[in-house]
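Here's the structure we're looking at; comments come further down.
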Amino acid sequence: MMQLIPNSVLWTCLLVMIMSCKPASTRQMNSSISKDQMIEANKMMVAYDAEMVNAYIERKAWNMTSSDDGYWYMIYEEGAGKKISFGDKVTFNYNVRLLDESLCYSSDSTGPKTVFIGKSDIESGLHIGLQLLKEGDKARFIFPPQLAFGLIGDRDKIPMRSIIIYDVNVIQVVK
C-alpha cells in the first residue's frame, strides 16, 4: 500500500530545494539546513513520486518498463521506420496528461510537434525516451518532475512538481 507523505514534509522539502537555488552570495553561511538534509529531502520526493507512478501503472494494468534514467515507458504499437538517434529531426503526434488524467496539451489542438533530439527545448525525459523509438512507433512515457517540468511546472497547464504522461506517435524521422 502506498504511504502518503504529509503536506508539512512536502512543503519543507520544497522550501529546502528553493532555498538551495539562491546564489551562494545571498545564502547565509550558517544555514540551519545542511547539504545532507537537502539530499535526504530530494530522495524522499523522488521515492514518493515513484510510489505514485507505480500505483498508477498498477491501477491501469499497464506493462511498463522502468528505465535507469528514472522514467517509465511502453511501446504499444511497433513501427517499421528509421530508429531515432541524437540529432535527428523527429515529428510526432502527442498527448500530455497529468496523473489525474486531465489533458494538458495535445497535437489534436496544436498540430504535430517537430524537434531535434538533444537540441530542442523540450522536456529532458522526452529527449531520452524518444531515442528508444523508431518511425511509426506508438509509445507511452511517464516522466517524474525532474525529467519533465521540474519544481515550477510550465506556468500554464502543468502545475508545480507534476508527473506527466506522454503518449506519442512518431510520424517521421529525418537523419
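Condition first: more than 15 Å from PHE143 (Cβ to Cβ) and charged (D, E, K, R). Now tell me which residues in region 89-103 satisfy that.
LYS89, ASP100, GLU101
Filter region 88-147 down to residues that are β-branched (Val, Ile, Thr) and either free of Cβ contacts under 8 Å to residues at least 24 places away in the same chain or in a strand (DSSP E or B) (or both) and give me whichever is surrounded by the fewest Cβ atoms within 10 Å (Cβ to Cβ).
If we filter region 88-147 for residues that are β-branched (Val, Ile, Thr), which is where we start, we get 90-91, 96, 110, 114-115, 117, 122, 128, 142.
If we keep only those that are either free of Cβ contacts under 8 Å to residues at least 24 places away in the same chain or in a strand (DSSP E or B) (or both) too, we end up with 90-91, 96, 110, 114-115, 122, 142.
On the way: VAL90: 26, THR91: 17, VAL96: 25, THR110: 9, THR114: 13, VAL115: 17, ILE122: 13, ILE142: 27.
Across region 88-147, the extreme among qualifying residues is THR110.
If you scan region 46-87, which residues turn out to be in contact (Cβ under 8 Å) with a residue 60 or more places away in the chain and part of a helix (DSSP H, G or I)?
Hits for region 46-87 are VAL46, ASP49, ALA50, MET52, VAL53, TYR56, ILE57.
Quick one: ALA80 ticks every box in (1) in the same structural domain as MET160 (by TED's automatic domain parsing); (2) surrounded by 12 or more Cβ atoms within 10 Å (Cβ to Cβ) except a single one, so which number is it?
All conditions are met except number (2).
For region 57-65, state whether one or more residues are crowded, with 17+ Cβ neighbours inside 10 Å, touching a strand residue (DSSP E or B) at 6+ places or on another chain (Cβ under 8 Å) and within 30 Å of LYS175 (Cα to Cα).
For region 57-65, residues crowded, with 17+ Cβ neighbours inside 10 Å, touching a strand residue (DSSP E or B) at 6+ places or on another chain (Cβ under 8 Å) and within 30 Å of LYS175 (Cα to Cα): present.
Residue by residue, here is whether (1) at pLDDT 90 or above; (2) among the polar types (S, T, N, Q) holds:
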site: GLN3; (1), (2): no, yes
site: VAL9; (1), (2): no, no
site: THR12; (1), (2): no, yes
site: SER20; (1), (2): no, yes
site: ALA24; (1), (2): no, no
site: ALA41; (1), (2): no, no
site: VAL46; (1), (2): yes, no
site: MET64; (1), (2): yes, no
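The values are calculated or read from the model by the stated rules, or taken from the named source; none is laboratory data. Treat the numbers as computed from the prediction; the structure is a model and nothing was measured. Here Cβ is always computed from backbone atoms with ideal geometry, including for glycine, and neighbour counts include all displayed protein chains.
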